[in-house]
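Right, one structure below, let's go through it.
The values are calculated or read from the model by the stated rules, or taken from the named source; none is laboratory data. In this text, all values refer to a predicted model and were calculated from it rather than measured experimentally. Methodologically, a virtual Cβ is constructed for each residue, glycine included, from the backbone with ideal geometry; neighbour enumeration extends over all protein chains shown. Ligands, DNA and RNA are stripped out before the accessible areas are found, and what is left, the full protein with its side chains, is counted by its heavy atoms. Shrake-Rupley method; radii C 1.70, N 1.55, O 1.52, S 1.80 Å.
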Amino acid sequence: MRPRPDPGKPPRFGRLGPWARNGRLLQAICRLWVLGLGRSRASQQETGQARQLMGLRITNPIGLAAGIDRSGQLLPGTARAGFGFSEVGSVSPETLTVSLRRLKRAGVLESDLVHGVNIRPRSGATIAEMMDDYLHCLHALLPVADYLVLNLSSPFARRGWAADPLWLETLLTQAVALRDQYCRNGGPRVPLAIKVVLAPRLSPGQRHGLLLGRGAGLDGVVLVAAPGQAESAVCHTLRQVKSLLGETALISVGGIVDGSQIAGRLAAGATAVQLFSAVLSRGVTIPQQLLERLQPKPDREAA
């Protein structure tokens, strides 16, 4: 019988598991890795696009979406590629030990890139176990993350949301309570967000869930555009959510390939955007290309 890998042991560079099955993803990982070598500090160039995201200053509104940098080892290269912020993960209990080690190492390297950490439960966890997984990872990651995201976007995670109307409310309330306790004990206030997939028309359940997040004290929502949506539909959804949540920061991800889309989503209410597929198809330095299409704007607090 083949032995199971130790989740606390970092994988060898040549054993990338699912990454190795996507050539473009593997190429992006390698390029960010190489880009991050050679210097102890990753400084970012001012672009005239600096703004506040959930109370954190980012140098520009283009972020690297979760799914490329799984554990924080690519943060120096991500900063040098021109991203304004990065979302590490998703991190689950199986990968928590490795991610903690690498995020602590990134802190020692003094990368000034704002980095969030995306949290998900273990595959196959029960509804009750999913909540425990979210809260366990959140508690462990508070000292090493600039912000934290509870990933509710996968069909597996949405099962908990749909199965019990009180499940999401309990999760969000306990997550905010953990964060606030950490802050009372002397830690910084770490912004919290959720990640959700929304259709062009908000369902009553989605509207209720978003309002629960606002009521619990969440700082942001990462809105995933479903595949195949027209850009006009994505912006319409952003305007709907912005009207519903007011001051809560919105991060839009999905389907972005050019600067006009970024400008449109920012105008529709997003505070920032994230890239994933565009990084795989057009290269890791795509933020530099897209930022040239955006007109400089004064520093502003996220709305």
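Below, the figures for the structure above:
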{"quantity": "Qualifying residue in region 242-253 (condition: assigned to a helix (DSSP H, G or I) and crowded, with 17+ Cβ neighbours inside 10 Å)", "calculated": "yes"}
{"quantity": "Failed condition for ALA272, given (1) open to solvent by 10 Å² or more (accessible area, probe 1.4 Å); (2) closer than 18 Å to PHE85 by Cβ", "calculated": "(1)"}
{"quantity": "Those residues of region 99-121 which are part of a loop (DSSP other than H, G, I, E, B) and either within 30 Å of LEU166 (Cβ to Cβ) or touching a His at 6+ places or on another chain (Cβ under 8 Å) (or both), in sequence order", "calculated": "ARG120, PRO121"}
{"quantity": "Enumeration of residues in region 122-144 that are open to solvent by 10 Å² or more (accessible area, probe 1.4 Å) and part of a loop (DSSP other than H, G, I, E, B)", "calculated": "ARG122, SER123, GLY124, THR126"}
{"quantity": "Qualifying position, being under 19 Å from LEU53 (Cβ atoms) and in contact with a Pro (Cβ under 8 Å, 6 or more places away or on another chain), among TYR147, TYR134", "calculated": "TYR147"}
{"quantity": "Among (1) farther than 30 Å from ALA199 by Cβ; (2) hydroxyl-bearing (Ser, Thr, Tyr); (3) under 17 Å from the mean Cα position of the chain (by Cα), the one test that SER90 misses", "calculated": "(1)"}
{"quantity": "Near pairs, Cβ below 6 angstrom, 6+ apart or cross-chain, from region 232-251 (at positive phi) to any residue that is in a helix (DSSP H, G or I) and open to solvent by 10 Å² or more (accessible area, probe 1.4 Å)", "calculated": "none"}
{"quantity": "Among (1) surrounded by 19 or more Cβ atoms within 10 Å (Cβ to Cβ); (2) part of a helix (DSSP H, G or I); (3) at pLDDT 95 or above, the one test that VAL149 misses", "calculated": "(2)"}
{"quantity": "Failed condition for ALA193, given (1) in a strand (DSSP E or B); (2) farther than 27 Å from LEU291 by Cβ; (3) not β-branched (Val, Ile, Thr)", "calculated": "(2)"}
{"quantity": "Residue among GLY264, GLY205 that is open to solvent by 10 Å² or more (accessible area, probe 1.4 Å), in contact with a Pro (Cβ under 9 Å, 6 or more places away or on another chain) and in a helix (DSSP H, G or I)", "calculated": "GLY205"}
{"quantity": "Flag if ALA42 is modelled with pLDDT under 90 and of a type in the set (A, V, I, L, M)", "calculated": "yes"}
{"quantity": "In region 77-98, residue modelled with the highest pLDDT [restricted to those that are in a helix (DSSP H, G or I) and open to solvent by 20 Å² or more (accessible area, probe 1.4 Å)]", "calculated": "THR97"}
{"quantity": "Single residue of region 215-239 satisfying the filter (surrounded by fewer than 17 Cβ atoms within 10 Å (Cβ to Cβ) and closer than 21 Å to ARG179 by Cβ) that is nearest to the chain's Cα centre (by Cα)", "calculated": "GLY217"}
{"quantity": "Of all residues in region 159-202 being in contact with a Gly (Cβ under 7 Å, 6 or more places away or on another chain) and either aromatic (Phe, Trp, Tyr) or open to solvent by 60 Å² or more (accessible area, probe 1.4 Å) (or both), the one that is modelled with the lowest pLDDT", "calculated": "TRP161"}
